[in-house]
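Notes follow the structure.
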Amino acid sequence: MKLANKIAVITGGSSGIGLATAKSFVEEGAYVFITGRRQSELDKAVAEIGRNVTAVQGDITKLADLDRLYATVKAEKGSLDIIVASAGFVDVKSTAEVTLEHFDKTFDVNAKGTFFTVQKALPLLNDGGAIVLVGSCIHLKGFPQYVTYGATKAAIRHYAKTWAAELVGRGIRVNNLSPGAIETPILDIQFKTPAELDAAKTMFSQVTPLGRIGQPEEMASAILFLASSDSSYITGIDLVADDGMT
C-alpha cells in the first residue's frame, strides 16, 4: 500500500489518465477527490472507483470552483498529501487557423487552470507532499497543429522546475509527466471523423518503437511512482513516457 492513508486531489479525474490514476491511488490505500466539468461523467467515475472517493464538480479555469474543491477537502479530511493536475484541453489548429477564442481557451485550461490548481492547494498541502503535473511530450518537439497546446505544456514543465525550487523547504516534491499518444477521450476529440482518428492512431503508432498507442494505466503507474516514496529522491524532473517518440 504505497499511499496508505494519503489524501489526493486529481483534476480531470473522471476520464482518461486522471481516472486511471484515481483507481490506482485507491488500490494503493489513498482517499481521492476527483474533479471535472461534467457531473454525469463524475458519477460514472465514482461508480468505477467504488470506494474512498469524493467527486466535486468544477472547472479549473474558475477560481471559485477551485476554492469550493479545496473547501470540500478541508471539511472532509482537513489536509492534503498529493496533487495530480491532470485536467487539460486540446484542439488541433495550425498557426494560421488559431483564433483568439482558441488561444484563450487553451491557455485558460492548461496554463492558468493548472497554475491555480496548485497555488490554491498549497495552504492545505502537508509538508513532505507531492505534486505531479501532467504535461505532454509535445512540448519537446514542434508538432504541426499543436502550436498553442505545446506552448501551454512547456509552461507546465516550467512550473514543475520552479515549484520544486520554491517548495523544497517544505519537503514537497514537484515533478512533471510528459505522456506520448495515449488511448483517452482527449485523443479522440482531436479529430473530426473516425477515419481521421484512425489515420492519426496509425501515424502515432508508426513513430513509436513499440508500434502502439499508450494506455492510461501505463501513465497512472508513472504518476504513482512520482507521487509515492518510490521517487523520494526525485524532484523537478520531466518524466517522458512516450515510448521514445521524441
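Within region 5-14, identify whether any single residue is out of contact with any Gly (no Cβ under 6 Å at 6 or more places or on another chain), in a helix (DSSP H, G or I), of a type in the set (A, V, I, L, M) and more than 14 Å from ALA220 (Cα to Cα), and answer yes or no.
No, region 5-14 contains no residue that is out of contact with any Gly (no Cβ under 6 Å at 6 or more places or on another chain), in a helix (DSSP H, G or I), of a type in the set (A, V, I, L, M) and more than 14 Å from ALA220 (Cα to Cα).
Right, THR54: among the hydroxyl-bearing types (Ser, Thr, Tyr) and not in a strand (DSSP E or B) or not? Write out each step before concluding.
Working: among the hydroxyl-bearing types (Ser, Thr, Tyr): yes; not in a strand (DSSP E or B): no.
Judged against the criteria, THR54 is not a match.
Given the criteria over 14 Å from the mean Cα position of the chain (by Cα) and under 23 Å from GLY12 (Cα atoms), does LEU239 qualify?
Against the criterion (over 14 Å from the mean Cα position of the chain (by Cα) and under 23 Å from GLY12 (Cα atoms)), LEU239 does not qualify.
Can you tell me which residues in region 201-246 are open to solvent by 30 Å² or more (accessible area, probe 1.4 Å), out of contact with any Cys (no Cβ under 9 Å at 6 or more places or on another chain), assigned to a loop (DSSP other than H, G, I, E, B) and of a type in the set (S, T, N, Q)?
Matches in region 201-246: GLN215, SER232, THR235.
Working only within region 68-94, note down all residues that are in a helix (DSSP H, G or I) and out of contact with any Gly (no Cβ under 9 Å at 6 or more places or on another chain). Even if it seems obvious, please write down each step before you answer.
As a first pass, look at region 68-94 and keep what is in a helix (DSSP H, G or I): 68-76.
Hits for region 68-94 are TYR70, ALA71, THR72, VAL73, LYS74, ALA75, GLU76.
Scan region 30-51 residue by residue and report those that are closer than 17 Å to ILE83 by Cβ and of a type outside the set (Ser, Thr, Tyr).
ALA30, VAL32, PHE33, ILE34, GLY36
Find all pairs meeting these conditions: Cβ atoms under 6 angstrom apart; at least six residues apart or on different chains; first residue within region 18-47 and open to solvent by 40 Å² or more (accessible area, probe 1.4 Å); second residue not in a loop (DSSP other than H, G, I, E, B).
Close Cβ pairs satisfying both conditions: LYS23/ILE49; TYR31/ILE7; GLN39/GLN57; VAL46/VAL53; VAL46/ALA55.
Give all pairs with beta carbons closer than 8 Å in which a residue from region 79-102 that is open to solvent by less than 30 Å² (accessible area, probe 1.4 Å) meets a residue that is among the basic types (Lys, Arg) and not in a helix (DSSP H, G or I); count only pairs at least 6 apart in sequence or on separate chains.
Going by the 8 Å Cβ cut-off, the qualifying pairs are ASP81/LYS6; ILE82/LYS6; HIS102/LYS93.
Filter region 112-133 down to residues that are open to solvent by 10 Å² or more (accessible area, probe 1.4 Å) and within 20 Å of GLY150 (Cβ to Cβ), then give me how many there are.
Of the residues in region 112-133, 2 are open to solvent by 10 Å² or more (accessible area, probe 1.4 Å) and within 20 Å of GLY150 (Cβ to Cβ).
Is it the case that region 85-96 has a residue that's touching a helix residue (DSSP H, G or I) at 6+ places or on another chain (Cβ under 7 Å), among the aliphatic types (A, V, I, L, M) and either modelled with pLDDT under 95 or at positive phi (or both)?
Taking every residue of region 85-96 in turn, at least one turns out to be touching a helix residue (DSSP H, G or I) at 6+ places or on another chain (Cβ under 7 Å), among the aliphatic types (A, V, I, L, M) and either modelled with pLDDT under 95 or at positive phi (or both).
The values are calculated or read from the model by the stated rules, or taken from the named source; none is laboratory data. Here the structure is a predicted model, which means the values were calculated and not measured. All Cβ positions, even for glycine, are placed from backbone atoms using ideal geometry, and neighbour counts span all protein chains on display. We work out accessible area using only protein heavy atoms, side chains counted, and drop any ligands, DNA or RNA first. Shrake-Rupley method; radii C 1.70, N 1.55, O 1.52, S 1.80 Å.
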